[in-house]
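Step one of this worksheet: look at the structure below.
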Amino acid sequence: MSQFVKQKILVVDDDENICDLIRMYFENEGFSVFISNDGITAVEDFKNISPDIVVLDIMMPGADGWQVCREIRKISQAPVIMLSAKGEVFDKVLALELGADDYMVKPFDSKELVARVKAILRRTAKNDEQSHEEVVFPNLLVNKTTYTVKVNGNEVAMPPKELELLFFLSSNPNKVYTRDQLLEYIWGYDFFGDSRTVDVHIKRLREKIEDGMHNWQIKTVWGIGYKFEVK
């Protein structure tokens, strides 16, 4: 018997066949798998189970995946992978804006889903093990240990990947990074997304922290990427 505590995954999907398939793959990988077949039940199950990660379908009865993701983000920063039969860019962008960590289009390969889940959990574990890390500028504080951001003394809520991106850029002021470099540093080699992911997160960061009154900003370097510019 393993001496390690099994990681818990909550699978939320109204298709029982998909749930059974995901359960089989993840139990074979040593996970404790919990199933919810509708959005309303999923939120309550999340609160009771406190899973390490959530695999969340979008189209469901009761409450859809968008609503469930919003409710989860009100109380937790646990990683969320969203599933959908729709592969439009709009849906992927919306998922990221709501705080999802990844997005997969149905039908999907179960082995790829396992790989993505493991990649996200590796990064989460690495972040948890890191020592106290904090970046301070006038009217800006980013703490990667407590996952808090304060602008003008007021705490600003943001999903983990937005905070990690802000921390990385502000830790390296005035240095330019390409989108691909940022994908590598923040999302890791195992990320299956594209460079638009970076653009979406930068846009959301600017909306939350910039007001034109600071001596710092996240600046676009046209044709290259982004930098945290300190004047």
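The values are calculated or read from the model by the stated rules, or taken from the named source; none is laboratory data. What you are looking at is a predicted structure, and each value in this text was computed from that prediction instead of being measured. Every residue, glycine as well, gets a Cβ built from its backbone with ideal geometry; the counts of neighbours run over all protein chains shown. Surface accessibility is based on the protein's heavy atoms, side chains included, excluding ligands, DNA and RNA. Shrake-Rupley method; radii C 1.70, N 1.55, O 1.52, S 1.80 Å.
Here are some notes:
- Any chance Val142 is among the β-branched types (Val, Ile, Thr) and touching a Phe, Trp or Tyr at 6+ places or on another chain (Cβ under 8 Å): yes
This table checks each residue for (1) of a type in the set (Phe, Trp, Tyr); (2) closer than 27 Å to Met158 by Cβ; (3) within 14 Å of the chain's Cα centre (by Cα); (4) buried (at least 18 other Cβ atoms within 10 Å of the Cβ).
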| site | (1), (2), (3), (4) |
| --- | --- |
| Asp15 | no, no, no, no |
| Asn28 | no, no, no, no |
| Leu56 | no, yes, yes, yes |
| Phe90 | yes, yes, no, no |
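- Condition check for Ala115: of a type in the set (A, V, I, L, M, F, W, C), more than 24 Å from Ile186 (Cβ to Cβ) and outside any strand (DSSP E or B): no
- Test: residue in the range 79-87 that is among the basic types (Lys, Arg), surrounded by fewer than 15 Cβ atoms within 10 Å (Cβ to Cβ) and free of Cβ contacts under 8 Å to residues at least 24 places away in the same chain: no
- Candidate set: the range 147-176, residues that are farther than 18 Å from Pro79 by Cβ and of a type in the set (Ser, Thr, Tyr); chosen: the one surrounded by the most Cβ atoms within 10 Å (Cβ to Cβ): Ser170
- Any hit, the range 192-213, residues being open to solvent by less than 50 Å² (accessible area, probe 1.4 Å) and aromatic (Phe, Trp, Tyr): no
- Positions within the range 136-146 being in contact (Cβ under 8 Å) with a residue 12 or more places away in the chain and surrounded by fewer than 16 Cβ atoms within 10 Å (Cβ to Cβ), in sequence order: Phe137, Pro138, Thr145
- So Leu141, is it modelled with pLDDT of 95 or more and either over 29 Å from Tyr103 (Cα atoms) or part of a helix (DSSP H, G or I) (or both): no
- Test: Ala95 is open to solvent by less than 40 Å² (accessible area, probe 1.4 Å), in contact with a strand residue (DSSP E or B) (Cβ under 7 Å, 6 or more places away or on another chain) and closer than 20 Å to Leu165 by Cβ: yes
- Looking across the range 58-75, the residues that are open to solvent by less than 30 Å² (accessible area, probe 1.4 Å) and under 19 Å from Val117 (Cα atoms) come down to Ile58, Gly65, Val68, Cys69, Ile72.
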